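**Student:** Quick one: this structure, given as structure tokens, is what I'll be asking you about.
The values are calculated or read from the model by the stated rules, or taken from the named source; none is laboratory data. Here the structure is a predicted model, which means the values were calculated and not measured. Please note: Cβ atoms are built from the backbone with ideal geometry, for glycine as well, and neighbour counts cover all protein chains shown. When the accessible area is computed, the model is the full protein with side chains, heavy atoms only, and any ligands, DNA or RNA have been set aside. Shrake-Rupley method; radii C 1.70, N 1.55, O 1.52, S 1.80 Å.
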Amino acid sequence: MNSDSESLQNQLFRWLLAETALTSDDTSVECKENNGVENLTAKTTDLNSREEQLEWTPQTFQLGEIPTVQERFQAVLKRRLQIQIQNHPPLFPWETQVKEYPDYADNPSVSLVPAWGWAQAQASLNLPIDLPERVFRQLLEKCQALVTSSLPLGAKLVQAVESLFPNDPHTINDLAGLVLRTPYRSAASSLEVIPNLDSDYSELQPRQQMAVSLLAAKQLLDNLTLTISATNPVIERQWLSSAGAIALRVEYQSQGSLSQLCVRGNLPTKGSLKVVGNGTQAMAQSSAPGSLSLEITDNANASQPRQPYTLEVNLTEIDEKPLTFLILPTL
């Protein structure tokens, strides 16, 4: 009985041991399976994290250093400009098409760039200081336009200079009256408008520039006016140019109702002389340097005032515009 009980107990004990072992194995297998799932989940999470890092972290590409790009751009731009200049060469202001110029001039007197031909005429003026060519040219053009006008001399002086000083007409009027009343030396010294004769025109005060310009205008108008009378029936005038001196001789003779005007000119280049006035005109021209002459006969009544004449000296090689003089008979 006892042996049977012990045998039964032993079997029950072995069964329990066997059941425990099976349970332990199942648990072990389950843990191993769970560990594999956990490890797989961890790996998946790690891969996702790396993908997120790759997705949100942009990659930077360097296209080159800025100086290298600038040098390349400048080289391309320079090349395009060279091609453009070769295909369409630039022109000088006086050119209408491309011209070939020699490396040097065979004749030193030939100027490649045309210069104003009447600049040398300033040397014949009695001025305390030289005028810039721009100022002298403007004064000469104004005086030529005014020399044939019937305006009084004072008004001519003001109009000749006012464009140079448009903001001070009152001072111009005052100085013009002074220039008319007195010789230029006493006028300048009395006003002390030109205290330093060694100064340049641009360094003078506006009042001083006005005085010099008015003196120049007065002398230009005097030189452009050829006044002849019974006591002075012949007048000669010389005018300097870049090609040489122009020598003029005007003679006016009157006998009763008959008067005759004779004009002779010695020109440094080819050119022409033209006299217009009192309803008549005469012209003489030459194709080479030398002397020209012309005559005009007037049948006006001696009791009537003599009409003025206009003398035009045209030197096309120097200037397209003629040099205009006024012949003023006072017989």
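**Student:** Tally time: how many residues in the stretch 296-331 are of a type in the set (D, E, K, R), part of a loop (DSSP other than H, G, I, E, B) and at pLDDT 90 or above? Can you show your working first?
**Tutor:** Going residue by residue through the stretch 296-331, those that are of a type in the set (D, E, K, R) are 298, 306, 312, 317, 319-321.
Next, from what is left, pick out any that are part of a loop (DSSP other than H, G, I, E, B): 306, 317, 319-321.
Filter again for at pLDDT 90 or above, leaving none.
Adding up the residues that qualify gives 0.
**Student:** Could you list, in sequence order, all residues of the stretch 271-294 that are more than 18 Å from ALA247 (Cβ to Cβ) and of a type outside the set (Gly, Ala, Ser)?
**Tutor:** So in the stretch 271-294, the residues more than 18 Å from ALA247 (Cβ to Cβ) come out as 276-283, 287.
Within the stretch 271-294, VAL276, ASN278, THR280, GLN281, MET283 qualify.
**Student:** Which is among the polar types (S, T, N, Q), without any contact (Cβ under 8 Å) to a residue 24 or more places away in the chain and open to solvent by 70 Å² or more (accessible area, probe 1.4 Å), of ASN126, ASN167?
**Tutor:** Numbers: ASN126 fails: without any contact (Cβ under 8 Å) to a residue 24 or more places away in the chain.
Result: ASN167 is the single residue among ASN126, ASN167 that is among the polar types (S, T, N, Q), without any contact (Cβ under 8 Å) to a residue 24 or more places away in the chain and open to solvent by 70 Å² or more (accessible area, probe 1.4 Å).
Conditions tested, residue by residue: (1) open to solvent by 60 Å² or more (accessible area, probe 1.4 Å); (2) within 22 Å of the chain's Cα centre (by Cα).
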residue	(1), (2)
ALA119	no, yes
GLN122	no, no
VAL135	no, yes
LEU140	no, no
LEU151	yes, no
VAL158	no, no
VAL161	no, no
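**Student:** Filter the stretch 181-210 for residues that are open to solvent by less than 70 Å² (accessible area, probe 1.4 Å) and touching a Pro at 6+ places or on another chain (Cβ under 9 Å); which is modelled with the lowest pLDDT? Step through it out loud before you land on a result.
**Tutor:** Going through the stretch 181-210, the residues open to solvent by less than 70 Å² (accessible area, probe 1.4 Å) turn out to be 182, 184, 186-188, 191, 193-194, 199, 201, 204, 208-210.
Applying the additional criterion that residues be touching a Pro at 6+ places or on another chain (Cβ under 9 Å) yields 184, 188, 194, 201, 208.
Numbers: TYR184: 50, ALA188: 47, ILE194: 50, TYR201: 90, GLN208: 92.
In this case the residue turns out to be ALA188.
**Student:** Filter the stretch 251-282 down to residues that are outside any strand (DSSP E or B) and of a type outside the set (Val, Ile, Thr) and give me whichever is nearest to ALA123 (Cα to Cα). Even if it seems obvious, please write down each step before you answer.
**Tutor:** First, pick out the residues of the stretch 251-282 that are outside any strand (DSSP E or B): 256-257, 268-270, 278-279.
Filter again for of a type outside the set (Val, Ile, Thr), leaving 256-257, 268, 270, 278-279.
Details: GLY256: 41, SER257: 41, PRO268: 17, LYS270: 23, ASN278: 34, GLY279: 36 Å.
Applying the filter and picking the extreme gives PRO268.
**Student:** Let me ask you something else. Considering LEU178, LEU220, which residue is in a helix (DSSP H, G or I), farther than 30 Å from VAL276 by Cβ and either at pLDDT 95 or above or open to solvent by 20 Å² or more (accessible area, probe 1.4 Å) (or both)?
**Tutor:** LEU178 is the lone residue from the list that is in a helix (DSSP H, G or I), farther than 30 Å from VAL276 by Cβ and either at pLDDT 95 or above or open to solvent by 20 Å² or more (accessible area, probe 1.4 Å) (or both).
**Student:** Just one of LEU248, LEU240, LEU214 is in a strand (DSSP E or B), under 24 Å from LYS142 (Cα atoms), open to solvent by less than 30 Å² (accessible area, probe 1.4 Å) and at pLDDT 90 or above; which is it? Break it down into steps so the answer makes sense when it comes.
**Tutor:** Values: LEU240 fails: open to solvent by less than 30 Å² (accessible area, probe 1.4 Å); LEU214 fails: in a strand (DSSP E or B).
Of LEU248, LEU240, LEU214, the one residue that is in a strand (DSSP E or B), under 24 Å from LYS142 (Cα atoms), open to solvent by less than 30 Å² (accessible area, probe 1.4 Å) and at pLDDT 90 or above is LEU248.
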